[in-house]
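The values are calculated or read from the model by the stated rules, or taken from the named source; none is laboratory data. None of these values were measured; they are calculated from a predicted model. Cβ coordinates were reconstructed from backbone atoms using ideal geometry, including for glycine residues, and neighbour counts include every protein chain displayed. Calculation scope for accessible area: heavy atoms of the full protein, side chains included, ligands and nucleic acids excluded. Shrake-Rupley method; radii C 1.70, N 1.55, O 1.52, S 1.80 Å.
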Amino acid sequence: MSTQERLQEVFRDVFDDEEIIIGNETTADDIEGWDSLSHVALIVAVQDEFDIKFSIVETSALKNVGDFIKLIDNKIEGK
Amino acid sequence: MIELSTKSLFFACMIIMAPFLLRYRSRIRQEVFLVMNILVITVASRSVLQWIITALWVVLPFVLMHFLGDRENLKPVMITGMVIVYIYLAKYGFVFSLLHLPELFLFKILGLSYFLFREIDYIMQYSSLKEEGYSLNLTDYLNYVLNFYTLMAGPILRYREFVDDFYRYGDEAGYIPITKKEMFDHINRVINGYVKVYVISAILDSWAKYWFDGLRDHSGFIKAAAAFCIFAFLNCWYIYFNFSGYCDIVIGAAGLSGMKIHENFNKPYLSRNVVEFWNRHHITLSEWIRDYIFTPFYKWLLSVPFKKKIILSQSVALFVTFLVAGIWHGTTIDYVMYGFFQGLGIVVASLWKTKRKKWLGKEKNKKYENNMAVITVTRIITWGYICLTFTFTGYPVMSLFINR
């Protein structure tokens, strides 16, 4: 599975919605319930799924899902 | 927040003078600002001892980070130590009587808790700031922590945000550009702020006090409850006009000096639930507690005790965060109640949202949220709840129930 597909599964899990489809341009506005509270749950779930760790700065600078995928890939490579 | 005194006159003089000194883009703009900040702190100190304690409280974190900042395990120790010193300096009465602590200083340091917020931000961000190539020098640090505009009660800036903004125009000589319209907008905002604080909120405050003092004279529950509601109504508008007026003065005045300060209010009394309210009232505090209390605690809950139980972890983290934030607001039992009710309101609002989405489904939930009648009713309920819970700030409401 690609990073995007795995991330999509995490999104569906956290936001409890099996119809979520993410793309590089997806932002918090496109996904029902993606607010600052659920963002934290999302980050923790992503950390578990990919076995990586983020800092506060890294995750608050994200603009869209494309950024997020890039950050995850960088982290995995850097492991 | 602001009282009419020689100090507030001095503050008014500073905000008039500052633009003339700080709009000039010179190499020493940061030093000029530093001198002004130290001058304000000096005027605000009542004694030499107070000045020295303030200086230590501000400078020590910088010195420790400068020499030991690369040791990641130092941060929790430092922050714990700072919180303990803070509890002592802020004079939490029940802690003093519980532990029989001697009171060495009788004064309260102006802006103490806001210093703490900024210092913790600096400590937490230290490594990533260093990585990103920020200059972590004493002048910038002191300007950030002591910034006289935000000294009394925020808004709470972040180090990164402050430095980015301060050096936004580079160091070529000349004036920082400002259009006539911007200038008049800023001046207008400062004057509006002064009217809000010294006229509107002052009147509301005296009325609220009048109704609160009269509460014990009412015989009968209904009369007393009605009087309490009138008091709560006046008090919540007093808080809004006083605090948002203060922020208008600060943001407008700093704007005249070419500094941009984060907005702190966004029509909070139009919120439809308590979660939304805290995203629109004292925004910079909400964001700070989100980043430095809620997020780490929530992450820890999710990964250790409540593995993957999102809703439970979120509710516990929210409740504890707001309880702590409430206790931070003041040193009496009333603030514990204040934090308790804010936490309760937030947890109920977030649970209700999640449950409702499950019951109604996506489409119906959207319809529900956009229904004009629902919007109006939820706004009134939220505002009423905030009105009642805000009575705990500034008034000994608990004493009404205890010593009857």
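Observations on the structure shown:
- When residues of region B:268-305 are limited to those that are more than 9 Å from every other protein chain (Cβ to nearest Cβ) and over 25 Å from B:GLY245 (Cβ atoms), the one most open to solvent (accessible area, probe 1.4 Å): B:TRP300
Residue-by-condition table, conditions (1) part of a helix (DSSP H, G or I); (2) away from chain B (no Cβ under 13 Å); (3) exposed (fewer than 14 other Cβ atoms within 10 Å of the Cβ):
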{"residue": "A:ARG6", "(1), (2), (3)": "yes, yes, no"}
{"residue": "A:ILE22", "(1), (2), (3)": "no, yes, no"}
{"residue": "A:GLU25", "(1), (2), (3)": "no, yes, yes"}
{"residue": "A:ALA45", "(1), (2), (3)": "yes, no, no"}
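- Among the candidates B:ALA253, B:ALA232, the residue that is more than 14 Å from chain A (Cβ to nearest Cβ), within 21 Å of B:VAL348 (Cβ to Cβ) and small (Gly, Ala, Ser) is uniquely B:ALA232.
- Residue pairs meeting the criteria (Cβ under 8 Å; at least 6 apart or on separate chains; first over 18 Å from B:ASN143 (Cα atoms), in region B:53-73; second open to solvent by 90 Å² or more (accessible area, probe 1.4 Å) and not polar (S, T, N, Q)): B:GLY69/B:LYS130
- Per the listing B:LEU351, B:LEU388, B:LEU312, B:LEU360, the residue uniquely aliphatic (A, V, I, L, M), within 14 Å of chain A (Cβ to nearest Cβ) and within 30 Å of B:PHE228 (Cα to Cα) is B:LEU351.
- Residue check for B:ALA227: of a type in the set (A, V, I, L, M), assigned to a helix (DSSP H, G or I), open to solvent by less than 80 Å² (accessible area, probe 1.4 Å) and under 16 Å from B:VAL397 (Cβ atoms): yes
- Among the residues of region B:1-20, the one identified as within 21 Å of B:MET259 (Cβ to Cβ), open to solvent by 80 Å² or more (accessible area, probe 1.4 Å) and touching a residue at least 40 places away in the same chain (Cβ under 8 Å) is B:MET1.
- Filter result for B:LEU318 (under 18 Å from the mean Cα position of the chain (by Cα) and either within 14 Å of chain A (Cβ to nearest Cβ) or in a helix (DSSP H, G or I) (or both)): yes
- Number of the exception - B:TYR246 against (1) away from chain A (no Cβ under 14 Å); (2) under 29 Å from A:HIS39 (Cβ atoms): (2)
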